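The values are calculated or read from the model by the stated rules, or taken from the named source; none is laboratory data. If you're wondering where the values come from, they're calculated on a predicted model, not measured in any experiment. So basically every Cβ, Gly included, is an ideal-geometry build from the backbone, and we count neighbours across all protein chains shown. Please note that ligands, DNA and RNA were not included when accessible areas were found on the heavy atoms of the full protein model with its side chains. Shrake-Rupley method; radii C 1.70, N 1.55, O 1.52, S 1.80 Å.
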Amino acid sequence: MSTYNFNIKKPLSVYYVLILLCCLGLGTQAMVAQNINFTEYTGEVLDADSKKALVFATLTVDNTNVTTITNSEGQFSLKVPNEFKGNSLTIAFLGYKTKQLNIADLQPEKNKIFMEEFVMALSEAQIDAPNDAEALVKETLDKKGSNYLDENTVMTAFYRETIKKRRTNVSLSEAVVNVYKTPYSSNRTDALELYKARKSTDYSKLDTVALKLQGGPFNTLFVDMVKYPKYIFTPETLNYYDFSFDTSTRVNDQLIYVIDFKQKPEIIDPLYEGKLYIDAENKILTSAIYSLNITDKRLASQMFVRKKPKNAEVWPTEVSYRVDYREKNGKWYYGYSNVLLEFKVNWDKRLFNSVYSMSCEMAVTDWEQNLTNAIPRSKDRMKSSIILSDEALGFADPDFWGEYNIIEPEKSIESAIRKIQRQLRRGKIDNGAAAAR
């Protein structure tokens, strides 16, 4: 059997995970005055029968671009401008019936939204799909100019990156960024502008090793495979995959083809495997969930680790991606993506190794047409080499985000932030007492 070896571009997250022997101090964030012209609603989105949390469900204020998603515990926080309080709220989740609620009927806190699973008839689940799954993927990518946003837009997005040592949160960075998104038919790269950022890190949990993710929001932005197919599917690399149809499903009451893909056995270099969710009627990619083949530990380490301590062996054990698209007025656009990187650090002369996970996610929470096609000056744009934790300040301002929508933090993240804040306050008190003496 013939084998092939080739070069393929990878998302920045593949290249730019750094492990450095350094620790950075925490800064402080000044208070920012905000005019309260919105109402915040919090709650959970759950399966109506099992009461299971629905992760990454989308909540959108009708007739607006205001939206958010649920976190990994099914919880959400949605800030609705007061002018839209009379609108409806649409909740959508893959495989479930779309639900609409009047925002006026919601309580500010502890809303429970139950979703009913869409039960497909056997004949519909096994509906005759096109004979060639690869041809359908090619057709979907070729139609991006007509099915996706064809105008310049400015999107407001919330970005979060976390580091965990096993199950313990040790670092969190968050930011609001402006995404100057070009039409999907354009080859121009989107521009990013950092608006607000903050961080919290417990360096005592990092084994004297500070992990940094280079690329920041670009890591999630480049998971938009419709806009950036060069990172996964090009006319050349499509031929390196096997595509097949899985059982169909529904989202927003539309029939969705589910396509499995994985690299062919004769391909040596690591590629991806996962699922593509394609609107059956309009040939639109609505979502993709996939992971990188990292069975070659040595090669995977070379791809991901830029620097490391001399007395440690470091390699990734999981690399996974997700991207979701949203629709308005018949046009689709990037709405949410996440990246998960899990690493093992095997130290010389230590009995036990360390396990770290680094995850980042970004959600578009609002957008408008960029009528002037203006973009930030070069010096004001984020660089693809950015390390967000170097740019961010500390968690000091409870009103930091103002009216901006964020992804509701997990309980474990909230607990970690409170713990680190207590440690910082104790440190300041001890330092003050020492200075007084």
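Go through region 40-57 and report how many residues are open to solvent by less than 30 Å² (accessible area, probe 1.4 Å) and not aliphatic (A, V, I, L, M).
Going through region 40-57 one residue at a time, the tally reaches 3.
Answer yes if at least one residue in region 326-347 is open to solvent by 70 Å² or more (accessible area, probe 1.4 Å) and either of a type in the set (A, V, I, L, M, F, W, C) or not assigned by the TED database to the domain that holds LYS212 (or both), and no otherwise.
no
Is one or more of the residues making up region 213-224 outside the structural domain of ASN65 (by the TED database), surrounded by 20 or more Cβ atoms within 10 Å (Cβ to Cβ) and in a strand (DSSP E or B)?
Yes, there is a match, as at least one residue in region 213-224 is outside the structural domain of ASN65 (by the TED database), surrounded by 20 or more Cβ atoms within 10 Å (Cβ to Cβ) and in a strand (DSSP E or B).
Would you mind finding the one in ALA280, ALA197, ALA191, ALA288 that is within 22 Å of PRO316 (Cα to Cα) and open to solvent by less than 50 Å² (accessible area, probe 1.4 Å)?
Only one candidate qualifies: ALA288.
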